[in-house]
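Report on the following structure.
The values are calculated or read from the model by the stated rules, or taken from the named source; none is laboratory data. Computed from a predicted model, the values in this text were never measured in an experiment. All Cβ positions, glycine included, derive from the backbone under ideal geometry; neighbour counts span all protein chains shown.
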Amino acid sequence: MQKKYELYRGKVKTLYSTNDPDLLVIEFRDAVSALDGKRIEYFKRKGLINNKLNYFIMSMLEKSGISTHVQSLYSHNEVVVKNLDMIPLECVIRNRSAGSLVQRLGVVEGRVLDPPIFEIFLKNDSKHDPLVNESHCQTLNLVDMNHLVCMRGLSFKINDFLYRLFDSLDLILVDFKLEFGLFDGKVVLGDEFSPDSARLWDRDTLNKMDKDIYRCGLPGLIDAYEDLADRLGVILD
Ligand code: TMP
């Protein structure tokens with residue numbers, strides 16, 4: 001399999017075609033973004049770290065019976081994935097209150113959310129990815145409702161698995177975002193799972209070990225991502 005042409009350059013990842021129409025390559029660049037891409041900065045090694053973390057987590061999910069798009073590592077900062085027909089929604093699971101939930105509802109940060117909250121956001125940068133509900137999805141035809149049922153079920157299943165995994169490493173999986181697509185008519189997990197798209201707190205100190213470090217202007221982003229890789233046993237070099 002050979003990487004061919006650049007198809008899409010996102011804020012921190014680039015998508016390439018390959019000589020196999022069913023496969024793509026995702027490159028994780030050494031960049032971090034916040035505020036809908038208004039802030040983008042360069043961080044050495046970040047592409048490598050997120051690529052390896054994402055590959056590790058996706059492989060664990062695959063072993064636990066969840067279909068993901070990840071196929072194999074292509075280079076230190078690139079991964080081969082299935083070419084999914086992406087569903088333009090973001091699914092968020094929240095185990096503790098943080099981020100936009102705190103801003104929207106005034107809930108105190110860190111409150112345990114039991115049962116966890118499932119939210120759907122429309123992928124639309126110019127509208128700042130607005131929150132939508134199942135009624136919007138149905139009436140506005142944003143997604144096939146059978147697929148949405150599947151995405152919701154998979155999101156909770158992924159949460160059950162990852163919450164336990166991170167708990168065993170003394171980490172709290174606060175919240176995370178997932179994106180899904182279709183391959184042969186089946187709903188498959190796409191995009192990434194990384195500390196860019198999840199909130200993870202150290203259980204003892206409640207220190208942030210995710211992109212909130214950058215969002216809040218704190219130092220130590222790469223150190224925290226490397227600590228995360230170390231706890232998961234992910235070899236980076
Ligand atoms: P939020 O609190 O900003 O809504 O984010 C919830 C979780 O989803 C958090 O872990 C960050 C992640 N997320 C993304 O990765 N990309 C996005 O575009 C959004 C809105 C959230």
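So which residues in the range 203-213 are within 12 Å of the ligand (Cβ to nearest atom) and either surrounded by fewer than 19 Cβ atoms within 10 Å (Cβ to Cβ) or among the aromatic types (Phe, Trp, Tyr) (or both), if there are any at all?
Correct list: empty.
For the range 79-107, which positions are of a type outside the set (Val, Ile, Thr), more than 24 Å from residue 200 (Cβ to Cβ) and in contact (Cβ under 8 Å) with a residue 60 or more places away in the chain?
Just the residues of the range 79-107 that are of a type outside the set (Val, Ile, Thr), to begin with: 82-86, 88-91, 94-101, 103-106.
Subsequent filtering for residues that are more than 24 Å from residue 200 (Cβ to Cβ) retains 82-86, 88.
Within the range 79-107, 82, 83, 84, 85, 86 meet the criteria.
Return the total of residues in the range 103-161 being hydroxyl-bearing (Ser, Thr, Tyr) and under 27 Å from residue 61 (Cβ atoms). Can you show your working first?
Taking the range 103-161 as the starting set, the residues that turn out to be hydroxyl-bearing (Ser, Thr, Tyr) are 126, 135, 139, 155.
Next cut, under 27 Å from residue 61 (Cβ atoms) only: 155.
Summing the residues that are hydroxyl-bearing (Ser, Thr, Tyr) and under 27 Å from residue 61 (Cβ atoms) in the range 103-161 gives 1.
So that you can scan it fast, the table gives a plain yes or no per residue for (1) farther than 19 Å from residue 68 by Cβ; (2) more than 16 Å from the chain's Cα centre (by Cα):
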residue: 130; (1), (2): yes, yes
residue: 170; (1), (2): yes, yes
residue: 189; (1), (2): no, no
residue: 198; (1), (2): no, no
residue: 211; (1), (2): yes, no
residue: 227; (1), (2): yes, yes
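Only one residue in 3, 63, 38 is exposed (fewer than 13 other Cβ atoms within 10 Å of the Cβ), at pLDDT 95 or above and not polar (S, T, N, Q). Which one?
Details: 3 fails: exposed (fewer than 13 other Cβ atoms within 10 Å of the Cβ); 38 fails: at pLDDT 95 or above.
Matching residue, one of 3, 63, 38: 63.
Checking residue 24 against (1) within 16 Å of the ligand (Cβ to nearest atom); (2) crowded, with 16+ Cβ neighbours inside 10 Å, which test does it fail?
Answer for residue 24: the failing condition is (1).
Look at residue 189 and say whether it is within 20 Å of residue 102 (Cα to Cα), in contact (Cβ under 8 Å) with a residue 40 or more places away in the chain and within 16 Å of the ligand (Cβ to nearest atom). Spell out how you get there, then give the answer.
Numbers: within 20 Å of residue 102 (Cα to Cα): no; in contact (Cβ under 8 Å) with a residue 40 or more places away in the chain: yes; within 16 Å of the ligand (Cβ to nearest atom): yes.
Judged against the criteria, residue 189 is not a match.
Going by what's in this entry, would residue 200 be described as out of contact with any His (no Cβ under 6 Å at 6 or more places or on another chain), without any contact (Cβ under 8 Å) to a residue 24 or more places away in the chain, within 13 Å of the ligand (Cβ to nearest atom) and of a type outside the set (Gly, Ala, Ser)? Before the answer, list the steps.
Numbers: out of contact with any His (no Cβ under 6 Å at 6 or more places or on another chain): yes; without any contact (Cβ under 8 Å) to a residue 24 or more places away in the chain: no; within 13 Å of the ligand (Cβ to nearest atom): yes; of a type outside the set (Gly, Ala, Ser): yes.
So residue 200 does not fit the description; no.
From 152, 111, 94, grab the single residue that is touching a strand residue (DSSP E or B) at 6+ places or on another chain (Cβ under 9 Å), crowded, with 20+ Cβ neighbours inside 10 Å and among the basic types (Lys, Arg). Give the derivation first.
Working: 152 fails: crowded, with 20+ Cβ neighbours inside 10 Å; 111 fails: crowded, with 20+ Cβ neighbours inside 10 Å.
Only one candidate qualifies: 94.
For the range 46-160, which fully contained helices (runs of 4 or more DSSP H) count at least 3 residues that are within 12 Å of the ligand (Cβ to nearest atom)? I'd like the intermediate steps shown before the answer.
Values: elements: 46-63, 99-105, 134-139.
Where helices (runs of 4 or more DSSP H) fall fully within the range 46-160 and carry at least 3 residues being within 12 Å of the ligand (Cβ to nearest atom), they are 99-105.
Just to be sure, is residue 174 in contact with a Ser or Thr (Cβ under 9 Å, 6 or more places away or on another chain) and either on the phi > 0 side of the Ramachandran plot or away from the ligand (no atom under 16 Å from the Cβ) (or both)?
Values: in contact with a Ser or Thr (Cβ under 9 Å, 6 or more places away or on another chain): yes; either on the phi > 0 side of the Ramachandran plot or away from the ligand (no atom under 16 Å from the Cβ) (or both): no.
In short, no.
Could you say whether any residue in the range 218-234 is out of contact with any Gly (no Cβ under 6 Å at 6 or more places or on another chain), within 19 Å of residue 47 (Cβ to Cβ) and among the basic types (Lys, Arg)? Don't jump to the end; show me each part of the working.
Restricting attention to the range 218-234, the residues satisfying the condition of being out of contact with any Gly (no Cβ under 6 Å at 6 or more places or on another chain) are 218-234.
Now restrict to residues that are within 19 Å of residue 47 (Cβ to Cβ): 220-230, 232, 234.
Those left that are additionally among the basic types (Lys, Arg): none.
No, because not a single residue in the range 218-234 is out of contact with any Gly (no Cβ under 6 Å at 6 or more places or on another chain), within 19 Å of residue 47 (Cβ to Cβ) and among the basic types (Lys, Arg).
Looking only at the range 161-186, count how many residues are free of Cβ contacts under 8 Å to residues at least 60 places away in the same chain and either in contact with a strand residue (DSSP E or B) (Cβ under 7 Å, 6 or more places away or on another chain) or assigned to a strand (DSSP E or B) (or both). Explain how you work it out, then say what you get.
Narrowing the range 161-186 to residues free of Cβ contacts under 8 Å to residues at least 60 places away in the same chain: 164, 166-168, 184-185.
From what is left, the residues that are either in contact with a strand residue (DSSP E or B) (Cβ under 7 Å, 6 or more places away or on another chain) or assigned to a strand (DSSP E or B) (or both) are 166.
Of the residues in that region, 1 qualify.
Considering only the range 187-237, how many residues are in a loop (DSSP other than H, G, I, E, B) and under 30 Å from residue 146 (Cα atoms)? Walk me through how you get there before you give the answer.
Looking only at the range 187-237, we keep the residues that are in a loop (DSSP other than H, G, I, E, B), and these are 191-197, 203-207, 209-211, 216-220, 233-237.
Retained after the next criterion (residues that are under 30 Å from residue 146 (Cα atoms)): 191-197.
Residues flagged as in a loop (DSSP other than H, G, I, E, B) and under 30 Å from residue 146 (Cα atoms) within the range 187-237 amount to 7.
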